[in-house]
1. Determine which single condition residue A:484 fails, assuming it passes every other condition in (1) touching a residue at least 60 places away in the same chain (Cβ under 8 Å); (2) outside the structural domain of residue A:370 (by TED's automatic domain parsing); (3) touching a strand residue (DSSP E or B) at 6+ places or on another chain (Cβ under 9 Å).
2. Kindly provide the set of residues from the range A:100-133 that are crowded, with 22+ Cβ neighbours inside 10 Å, over 30 Å from residue A:334 (Cβ atoms) and touching a residue at least 60 places away in the same chain (Cβ under 8 Å), ordered by number.
3. Taking the options A:393, A:379, name whichever one is within 24 Å of residue B:174 (Cα to Cα), surrounded by 16 or more Cβ atoms within 10 Å (Cβ to Cβ) and modelled with pLDDT under 95.
4. What's the total number of residues in the range B:33-47 that are within 14 Å of chain A (Cβ to nearest Cβ) and over 25 Å from the mean Cα position of the chain (by Cα)?
5. Condition first: touching a residue at least 24 places away in the same chain (Cβ under 8 Å) and outside any helix (DSSP H, G or I). Can you find one or more residues in the range B:114-130 that meet it?
6. If I filter the range B:218-239 down to residues being touching a helix residue (DSSP H, G or I) at 6+ places or on another chain (Cβ under 6 Å) and either surrounded by fewer than 20 Cβ atoms within 10 Å (Cβ to Cβ) or not in a helix (DSSP H, G or I) (or both), which single residue comes out as nearest to the other protein chains (Cβ to nearest Cβ)?
7. Is it the case that residue B:105 is over 22 Å from residue B:243 (Cα atoms) and without any contact (Cβ under 8 Å) to a residue 60 or more places away in the chain?
8. Given the conditions (1) touching a strand residue (DSSP E or B) at 6+ places or on another chain (Cβ under 9 Å); (2) free of Cβ contacts under 8 Å to residues at least 12 places away in the same chain; (3) assigned by TED's automatic domain parsing to the domain that holds residue A:348, report the number of the one that residue A:459 does not fulfil.
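The values are calculated or read from the model by the stated rules, or taken from the named source; none is laboratory data. This structure is a prediction, so every number in the text was calculated from the model and none was measured. Counting neighbours? That spans all protein chains shown, and the Cβs are built from the backbone with ideal geometry, glycine included.
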């Protein structure tokens, strides 16, 4: 068997020692040249039996193996009346056991081997991940695929999982940050599978049969991509996996299509009452997809606006200059197949909520109207170029990145072209995308906080909050029923 | 200056004794003449280097009245030096001194006088200070250090303060480590605390964020009741009143005392050449004078003598916390206690099996051993199944019953072996991530040396079932426990 240490990256690193004199200023530093070419996904792409795809990298630095299976199934694929099925699948795929093993036996064995086995369900994908010592690989692979292929979702594990989820629901309105994140998304995406939330009734109505049906429908080899790295021989690993999955049949899956239309949100202030000493604020609108041709320009623009931490305008103004907040900035979020969101955010004491929002709005206007400076452009672009190799610092992460690319149908030369796309962004393009995607006049400003002191404001921005737009008070929903909580 | 006691720099080469080699922990070590230690772990491959510097200072080095100082100081370390963050140091410093004088007058008026002083005077001084702060802005280069790191590809850029250690982090392209050496050596000796008063506000906002976390204020009280005399009594963020009153001279004195090369360790993990790193460290950190020796904390935690109980209500999940005092890190009992926490916790642990699975009384339950540098705690925490109207008090009885079982019947050999396997594998797993590895090794170095990570692993392997039984009997007793019961109620 040819045992090849996969060439991870083509690196040309030339250290030119710069002498013994201590440099007095950062401008005097002369760095030796460094060339970095990203690894090519094709070099790691592997097709197993049954059309199961994977990205595999040997890494013998530690006696460990990491294996993840990304499944094309997520919460979005469950109907409204079954909301919570994804969370229950998460809680029972391992614990519910398989046709031949009790869940507790699987967990006991993995724990005894010092391994970890976990399963999570996200919006459109689910991930089963195993990490264990390389000496236990064969046994680990057996357990891993047994869980993936033959789960039973036994009743006792389902009951425990339901109980836990219902207790979690009771806490859904406790943390202001969680309330804001949930309600802001609900406002922007309205009544859509992206925003379906479980209730006690929907959870209680989910059966073992429902979970089995999900697994049977979606957990099919061709809908799964593996990411494997660690201390093994690739050819041997492929052989072992192929032997285990030889009888795993592909099923025909028809993925539902979802509406891409979201209703316009009435601009203004949406206020959610919570008796706390700060206002938690998000102000924004729907954003773009990360497959949009403007993606790189938006990244650079947002870095300058509020995404580049202390180097960004919003953080510099709201936090550093004014001392109004610990967390503040702006962000574009991205989701597969749908536009993400754009928002400015801040958490500040109640009296300065209005003032902090006004400062963020000013920065939104400024980046639309004034060209960014050459220094700002240089910082943003250099950051993306110079930190690029960070995508590949751990083999497990690299393989996951490649697996996700393929799962989402993105081009496999994504990383190869990444830096050129960033380099091509100009100041003019930054202003263009700022105008195209940031519309302060159409924004929803959502605040979770204590109404009276927030509305009263402070010297620099005396209330009322109505100065920022029409104010609508939003009642929280009872997380157990999904019904509005009527004010007492 | 006790130069006679300074040893020549000695490159110790590869110091990896057998146990270290077993877990693949190959740390290269170099000590500078001023006592600063440089640690290096080579990880060839991707051309990045994790560059961390840790100072042996945290909130335990504060005193009542100055709580939160170590953390605020960490924030202030990003506010520049003579070289960084300013266009004209002398002009800026002149304005800064006038601001400080005014703020000192305000401080005395507001806080030294029982009635809050003359409000008109305070307002006038504040206006003058605000005008000066505006005037100073023309000399300030905002977040200069941060921007410089970022435009050079710095990631993982951050800092943190714990009870015992303060760390400053950046990961850079492998050809730019010298930038970190320059900037960190500069701020080690030349930190200048501009924009102090707005940064105090930022930290108070950070504290408010904590306060708005469900259950935080109760947990803070529980900790204060558990640790009564030692400086673990307060949280790292500090009491709000101390944050309000902290002054710049507090920060300056703190900096002079603790930010010395002999109180720091720098660690580099990644695609590096140790000779190059050492040469640069000599050049940048090596020329900083050694500081005075520092006394460790003075007040240790006294024995508890009687059970303590706290109860609270608020808008967070109902739960019970039971905290027992245990010895600090490095004590022989900490290994059996840590393994016991492993045996009790997790979804294959005793507590889950009994309270969640078999009796259906709780949704989550866990145990944690937390031996710190000078004190330790062993905590049980349980969330009752409120759908079945289970109260936290019922979980308390159940947890005591589980404790009794361990005291009388001990643990099974396979339980112990499982806990050992988990513990060992988790150390290995942690080594996969260069940043996490730097944190583990750097912090360990400041307490008992980085080799303690390996020694602890060896000690852990020797723990017997009898050891576990003994520590349970010794520490899990009524007069060593603080029991905190929190129940959900809406509103505050």
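1. Unmet for residue A:484, out of (1) touching a residue at least 60 places away in the same chain (Cβ under 8 Å); (2) outside the structural domain of residue A:370 (by TED's automatic domain parsing); (3) touching a strand residue (DSSP E or B) at 6+ places or on another chain (Cβ under 9 Å): (1).
2. Result: A:132, single match.
3. A:393
4. Total meeting the criteria: 6.
5. no
6. Applying the filter and picking the extreme gives B:237.
7. When the stated conditions are applied, residue B:105 does not pass them.
8. (1)
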